[in-house]
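To start, the structure itself, in structure tokens.
The values are calculated or read from the model by the stated rules, or taken from the named source; none is laboratory data. Worth saying up front: this structure is predicted, and the values here are computed from it rather than measured. As a convention, Cβ positions derive from the backbone with ideal geometry for all residues, glycine included, and neighbour counts pool all protein chains shown.
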Amino acid sequence: MEHIVIIGNGISGVTAARHIRKLSDKKITIISAETDYFFSRTALMYVYMGHMKFEHTQPYENWFWKKNRIELVKDYVTQVDPENKRLVLTEGKTMDFDKLIIATGSKPNKFGWKGQDLKGVQGLYSKQDLDQLEADAPNKDACNRAVIVGGGLIGIELAEMLRSREIPVTFLVREESFWNGVLPKGESQMINEHIKEHHIDLKLGTNLVEILPDENGRAKAVVTDKGETIACNLVGLTAGVTPNIDFLKDSGIALGRGVKVDRFLETNIKGIYAIGDCAEQHEPIGNRRPIEAVWYTGRMMGEALAQTICGKPRKYSPGHWFNSAKFLDIEYQTYGWVFSERTKKEHESHFHWRHPSEKICITVAYDKDSKKFLGINTFGIRMRHEIFDRWLTEERNVDYVMQYLKDANFDPEFYSHYEEQIISKYNSVMQTSLSVKKKSWKRIFSKA
Amino acid sequence: MKAIKNLGLIIFLIGLAIFTAIPVLGTFRLDQGTFDEIVKEKNIKSDGFIQSINENVVGKDFKGMLSLSPVVSSAIDAANSQHRKNKEYNKVIYTSGHDMAALVGKKSGTGFIAQNKGLMWFFTFGLGIIGALMFILPNVILLGKKGIKNNGIYHESATNRGWIAWMVFIFLVSFYLVLYFRPEFAVNWTFLVDPISESLSGNPAGHWFVYGFMYCVVMTVMAVRMYIKYRHNMYQVVRTTSVLFFQIVFAFLIPEIMVRLQMPYYDFKNAFPLDYDFFFQWNLKELLNSGGIGLFILVWGIVLTLVIVPVMVYFFGKRWYCSWVCGCGGLAETLGDPYRQHSSKSLFSWKVERWLIHGVLLFAIVMTGMTLYSFFTESSTIFGIKTQSVQNTYSLLIGAIFAGVIGTGFYPIFGNRVWCRFGCPLAAYLGFVQRFKSRFRITTNGGQCISCGNCSTYCEQGIDVRAYAQKGENIVRSSCVGCGICSAVCPRGVLKLENGPEEGRINPTEVLLGNDVDLMELVNKK
Ligand SMILES: Cc1cc2nc3c(=O)[nH]c(=O)nc-3n(C[C@H](O)[C@H](O)[C@H](O)COP(=O)(O)OP(=O)(O)OC[C@H]3O[C@@H](n4cnc5c(N)ncnc54)[C@H](O)[C@@H]3O)c2cc1C
Ligand code: SF4
Ligand code: SF4
């Protein structure tokens, strides 16, 4: 029986394992060092905030693995020996494989700041990081200020977490406006406001210079490039992540920033694959980045690779881009591509609407010349994934999207609807006279 | 703000303490005239009992029910055993000692509580309401910006099965035990609400009136909490208003007013088989003897269960009843909201659930079949089994212990829908309709789920919502009561409760949206 070994029990590795099991009878082993069982990394924040217990982040009950004959080994892989198809684990243990899937995820970036390894300085990625945070910042008495460095999705999550225990938070963001490398300025501006509403001390355009230690080797303050020294007992480093692949350095597997893979997710060595956060495409696919460190892509790579391993070779060909996040109280969804002013190409134009008083807005990207719909960002309005996926496939133009926006609304029943307001602004900006079409189940369920 | 909250908590606890102490306080003094009335009213023929009460109770002061109740009980016991010995069966008293003590207590209450009903109402209900509102209202500001506010639920003793939760558990269970099995200790509570009862039905309050009134008060106060907590979520706001309305108007006011108008006491929304004694002989007789309105109720009750309920479930899902109308659901969604996370999500509990709830449904149907058979044939047994004893068993085990003591008492430990999930025969029936013939579903939003688990954690019905969401599958589970909380707590906008065409309602998917279209088709086709 072919032995498939997977390193990493995150979403990508586990999805691959589950699908291989569905398709075949192969022997499957998952080796992972972090936790006994698969848990949802995206839910770490909710454990600290007291919304859930850690066990709730585990999508499968503990008996699941045995029942599905997926062997779990809690250990750390120190070396991969492709020639002998052998892994070296800690304490000299080894394991042989027929095919290997590397799904080792990421680790938080550290940019060589002075003091980055002090006590009380941490990232937010692993279960251990969560435990560390619980130890260092249990409440506002033990931790009377935290400084977070790096204004991305994890940074704002960490800020929200700490605020849930009323710990004062200073948030250093390198950009002039929050996440404006990704978000268009209207949206980024709205999030700036919302961060401040939550009593987070947002410092835009500010970089970390160094972290100062106290006599016990613990962080006691940070120094910024604005010359400010901010006293604190916790420093959160959330300036992005990089693939967690140091253990592969001398293995002969081709590495870039991540593990280099082709469209079949195979590395330069036959029978060794990489998926999830740690995989790096030779060539970016469409507008995507070569390394896609998000949940959904890890899952999709797992799904595609399982087919390949079970004898039905499938390229990893992700469909239309989508993503979502939550900025404190504001839900964010995106379908297709909406680039920020900093990254968008010349032909991309935006239509932006923002609610006069609520924290609700949308931005629609379209092609300036053809008016083809390119993508949408929504804040505070939920949208139907299937509908946007279909419109993108059908290459609808932006007028069409505006008229049929009600079909795409996914807010709970009885919520206020804003399509009328949106289209009236659209009409006035674009000099059109479109009207909103009533929601139609028939259209929603018709298959393209 | 925090200070107001704390003060509110103290006031609430004082009210609660007085309320809790009242059952054992008070003075009772039965005078001869009142006792003669009771004898006449209850048609008591037991000379032994009458004599014993005359000697030991009448004209004497009793400090608290603890001293009165045993005297009354033992008088009944002694008299009955004497009558049985002498084969004087027509003299045997069938009223239980507890009910008799409650009756005597109700008629003979004197002293502070019975004479200061309004004031005592204020010191119990009044303080409770004021304190609770002072505790709840500051959240408008303290909770900050609107949005999901579940911070600290698993850090706090009250909501994480800590000692406070266990205290609440003990309190609730004891309260229900008193209500169902020791009504004499509820007598002093009935005094507090006598004025209200009299203004509604014209009669003094019984212990079920206390319960009904308290139910409405608790729901109203906790609905305020719901409005504040979910003020961003219109579905929750509208739904909460609906359950509150049906509880206060349909379950509480209308039946009381009907009594005033000499009509049968009836809750028009309480559908059989939840209303398990609807077809009991005494009820049918009462309805048939009540003229036009009785007949109307009889027809309505049958049409409600056979037509209205399933048709509505077809269009809206079982939520229209379970989380929009039903009283049990109403309490669960208001008082029970802080405990919803305790329902077990394991596959094992799902198995237990299916056996139990369908077992209860079967029990209810068999019992009702026997009841109707007995009613029409006028024979009291079937295959040698006494219909009456089957009814008594159901009333005790299911009606009192399961629905009441366990159903509500276990909120703080096993979550707020123990009864609705494991026991309610009506829910089982609605569940069949919802599962197999309904337009309702919870749509899963393509590939957006991040498997965080908020939805599963907060599903009061113990549905592992995430298991479906992360596969891109719609949720069409028979047990879903459509509370909408999974959708509310989902941080990624994945879940939407909606009614739509039946076609496409169930959508099993192996590979999720977002992937290569070919791959999805390939895998999902089979
Ligand atoms: C706080 C937080 C919030 C996030 N929120 C979102 C979100 O909302 N949406 C979204 O799309 N994405 C989110 N992400 C990103 C998402 O979680 C990741 O993209 C995803 O978890 C990556 O999955 P993976 O399977 O590739 O790797 P991982 O989940 O990182 O799993 C890899 C596992 O392999 C183990 N491992 C590594 N090396 C070895 C070794 N040598 N031997 C043994 N075991 C090893 C690691 O310990 C780890 O357990 C979030 C990430 C974080 C940290
Ligand atoms: S699945 Fe959702 S709507 Fe249904 S009972 Fe559970 S939480 Fe409520
Ligand atoms: S709450 Fe939403 S994102 Fe989280 S597991 Fe449930 S459906 Fe998925």
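Things worth noting here:
- Residue within the stretch A:356-363 that is within 14 Å of chain B (Cβ to nearest Cβ), surrounded by fewer than 17 Cβ atoms within 10 Å (Cβ to Cβ) and without any contact (Cβ under 8 Å) to a residue 12 or more places away in the chain present: yes
- Among the residues of the stretch A:98-119, those that are farther than 18 Å from A:ASP129 by Cα and in contact with an Asp or Glu (Cβ under 9 Å, 6 or more places away or on another chain) comprise A:ASP98, A:LYS99, A:ALA103, A:TRP113, A:LYS114.
- Under the condition of being away from ligand 1 (no atom under 16 Å from the Cβ), in contact (Cβ under 8 Å) with a residue 40 or more places away in the chain and on the phi < 0 side of the Ramachandran plot, the residues counted in the stretch B:438-467 number 15.
- Every residue from the stretch A:417-448 that is farther than 20 Å from A:THR378 by Cα, part of a helix (DSSP H, G or I) and in contact with a Phe, Trp or Tyr (Cβ under 9 Å, 6 or more places away or on another chain): A:ARG443
- Filter pass, A:ASP117 being among the acidic types (Asp, Glu), away from chain B (no Cβ under 14 Å), away from ligand 3 (no atom under 16 Å from the Cβ) and under 28 Å from A:LYS260 (Cβ atoms): no
- Residue under evaluation A:SER446, criteria (1) within 11 Å of chain B (Cβ to nearest Cβ); (2) on the phi < 0 side of the Ramachandran plot; (3) crowded, with 16+ Cβ neighbours inside 10 Å, criterion not met: (3)
- Flag if B:LEU397 is closer than 30 Å to B:GLU502 by Cα, out of contact with any helix residue (DSSP H, G or I) (no Cβ under 8 Å at 6 or more places or on another chain) and more than 16 Å from ligand 3 (Cβ to nearest atom): no
- Residues of the stretch A:101-119 satisfying the condition of being assigned to a loop (DSSP other than H, G, I, E, B) and in contact (Cβ under 8 Å) with a residue 12 or more places away in the chain: A:ALA103, A:THR104, A:GLY105, A:ASN109, A:LYS110, A:PHE111, A:TRP113, A:GLY115, A:GLN116, A:LEU118
- Selection status of B:SER199, touching a helix residue (DSSP H, G or I) at 6+ places or on another chain (Cβ under 6 Å), surrounded by fewer than 22 Cβ atoms within 10 Å (Cβ to Cβ) and free of Cβ contacts under 8 Å to residues at least 12 places away in the same chain: no
- Tally, over the stretch B:324-365, of residues that are in contact with a Phe, Trp or Tyr (Cβ under 9 Å, 6 or more places away or on another chain) and part of a loop (DSSP other than H, G, I, E, B): 7
- Within the stretch B:349-406, being free of Cβ contacts under 8 Å to residues at least 60 places away in the same chain and acidic (Asp, Glu) holds for one residue alone: B:GLU378.
- Among the residues listed as B:SER349, B:SER343, B:SER379, B:SER323, the single one being of a type in the set (Gly, Ala, Ser), surrounded by 14 or more Cβ atoms within 10 Å (Cβ to Cβ) and over 21 Å from the mean Cα position of the chain (by Cα): B:SER349
- When B:GLY447, B:GLY453, B:GLY484 are checked against the criterion of being in contact with a strand residue (DSSP E or B) (Cβ under 6 Å, 6 or more places away or on another chain) and within 11 Å of ligand 3 (Cβ to nearest atom), B:GLY447 stands alone in meeting it.
- The lone exception for B:ARG421 - which of (1) touching an Asp or Glu at 6+ places or on another chain (Cβ under 7 Å); (2) charged (D, E, K, R); (3) at the interface with chain A (Cβ under 7 Å from one of its Cβ atoms) it fails: (3)
- Residue match in the stretch B:413-425 (condition: assigned to a helix (DSSP H, G or I), of a type in the set (A, V, I, L, M) and either without any contact (Cβ under 8 Å) to a residue 40 or more places away in the chain or more than 16 Å from ligand 1 (Cβ to nearest atom) (or both)): yes
- Residue list for the stretch A:55-81, filter: more than 10 Å from ligand 1 (Cβ to nearest atom) and within 25 Å of A:THR297 (Cβ to Cβ): A:HIS56, A:THR57, A:GLN58, A:PRO59, A:TYR60, A:PHE64, A:TRP65, A:ASN68, A:ILE70, A:LEU72
- Where a residue in the stretch A:305-329 is at the interface with chain B (Cβ under 8 Å from one of its Cβ atoms) and its partner, wherever it lies, is among the polar types (S, T, N, Q) and surrounded by fewer than 20 Cβ atoms within 10 Å (Cβ to Cβ), with Cβ under 6 Å and at least six apart: A:ARG314/A:THR308
- Within the stretch A:30-49, if we keep just the residues that are more than 10 Å from ligand 1 (Cβ to nearest atom) and more than 16 Å from B:ASN454 (Cα to Cα), the residue that is farthest from the chain's Cα centre (by Cα) turns out to be A:ASP36.
- Members of the stretch B:446-482 found to be hydrophobic (A, V, I, L, M, F, W, C), more than 7 Å from chain A (Cβ to nearest Cβ) and touching a helix residue (DSSP H, G or I) at 6+ places or on another chain (Cβ under 6 Å), listed by number: B:CYS449, B:CYS455, B:CYS459, B:VAL465, B:ILE475, B:VAL481
- Test: residue in the stretch A:426-441 that is surrounded by 13 or more Cβ atoms within 10 Å (Cβ to Cβ), at pLDDT below 95, closer than 24 Å to B:LEU512 by Cα and facing chain B (nearest Cβ under 10 Å): yes
- Scanning the stretch B:111-135 for residues that are polar (S, T, N, Q) and either under 13 Å from B:MET65 (Cβ atoms) or part of a helix (DSSP H, G or I) (or both) gives B:GLN115, B:THR124.
- Any hit, the stretch A:370-388, residues being more than 20 Å from A:TRP321 (Cα to Cα) and more than 11 Å from every other protein chain (Cβ to nearest Cβ): yes
- Being assigned to a helix (DSSP H, G or I), more than 13 Å from every other protein chain (Cβ to nearest Cβ) and either charged (D, E, K, R) or touching a residue at least 60 places away in the same chain (Cβ under 8 Å) (or both) holds for only one residue in A:ASP277, A:ASP250, and it is A:ASP277.
- Selection status of B:ARG439, surrounded by fewer than 24 Cβ atoms within 10 Å (Cβ to Cβ), more than 7 Å from chain A (Cβ to nearest Cβ) and modelled with pLDDT of 95 or more: yes
- For the stretch A:50-92, a residue qualifies if it is within 14 Å of chain B (Cβ to nearest Cβ), surrounded by 15 or more Cβ atoms within 10 Å (Cβ to Cβ) and under 25 Å from the mean Cα position of the chain (by Cα), and the qualifying residues are A:GLY50, A:HIS51, A:MET52, A:LYS53, A:PHE54, A:HIS56, A:THR57, A:GLN58, A:PRO59, A:TYR60, A:GLU61.
- Residue match in the stretch A:67-81 (condition: in a loop (DSSP other than H, G, I, E, B), on the phi > 0 side of the Ramachandran plot and of a type in the set (D, E, K, R)): yes
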